[in-house]
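The values are calculated or read from the model by the stated rules, or taken from the named source; none is laboratory data. Note that the coordinates shown come from a computational prediction; the quantities given were computed from them, not determined experimentally. Glycine also receives a Cβ, built like all others from the backbone with ideal geometry; neighbour counts cover every protein chain displayed.
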Amino acid sequence: MNELDRDIVRVLFDSEAIEKRVSEMGKEISEAYKGVVPILVGVLKGCIMFMSDLIKHIKIPLKMDFIAVSSYHGTQPTSGAVRIVKDLDHVIEGRELLVIEGIVDTGMTVGYILRNLQARQPKSIRLCTFLDKPARRIVNVPIDFCGYKIPDRFVVGYGLDFLQLYRNLPYVGILKDQVTGLEKT
Ligand code: IMP
Ligand code: MG
């Protein structure tokens, strides 16, 4: 057990389970986009581990791009005020987009991204998220591909952070309340 593991109260998905689920998602996405070349739009930085594993299991041609957004006040949960800090490199008009997220919580972040991308008139936009935390949803976002639904707990690892830490954990775990300073729900 290392110093990151010590802050985890419970492992929700270990790396073996994740590998299996992500490979299933890759197959599903390969089927859904047969005959088209989608642009996968990764939402930085939470998407990194998920997206890099997922694309190994997508067996059709695809392009990749990235967008990064930041909420106006630093920590979670967000106020809903969002701005783009890194925009796409591609022109996406007429293209088929698949947005790749690490987690959807209130839905405000990805809701903003979807609206912003929609305004650039792509042919289609679908959403793929590794985790879905439906309990706190405020903005209703349609999720087309979902790895796991999770309860209303703060999770880290597999790309997801707390104060930019823990992204490198190869599994998803619930962070100890002593670390987050959040009340248990
Ligand atoms: P939103 O509430 O769906 O807009 O998500 C707000 C931000 O908080 C996003 O950047 C999410 O990635 C992040 N977030 C929400 N819940 C968690 C969590 O349990 N662990 C880590 N990040 C989270
Ligand atoms: Mg974060």
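The requirement of being within 18 Å of the chain's Cα centre (by Cα), farther than 20 Å from CYS128 by Cα and either within 15 Å of ligand 2 (Cβ to nearest atom) or not in a loop (DSSP other than H, G, I, E, B) (or both) is not satisfied by VAL22.
With respect to the conditions (1) closer than 19 Å to LEU98 by Cβ; (2) touching a residue at least 40 places away in the same chain (Cβ under 8 Å), TYR166 lacks only one, and its number is (1). So, LEU62, is that one under 21 Å from PRO142 (Cα atoms) and either at pLDDT 95 or above or under 15 Å from the mean Cα position of the chain (by Cα) (or both) or not? For LEU62, the condition - under 21 Å from PRO142 (Cα atoms) and either at pLDDT 95 or above or under 15 Å from the mean Cα position of the chain (by Cα) (or both) - is not met. For segment 36-61, give me the residue count where each residue is away from ligand 1 (no atom under 16 Å from the Cβ) and either in a loop (DSSP other than H, G, I, E, B) or in contact with a Ser or Thr (Cβ under 7 Å, 6 or more places away or on another chain) (or both). The qualifying residues number 8. Picking from residues in segment 165-179 that are outside any loop (DSSP other than H, G, I, E, B) and crowded, with 18+ Cβ neighbours inside 10 Å, the one that is nearest to ligand 2 (Cβ to nearest atom) is LEU175.
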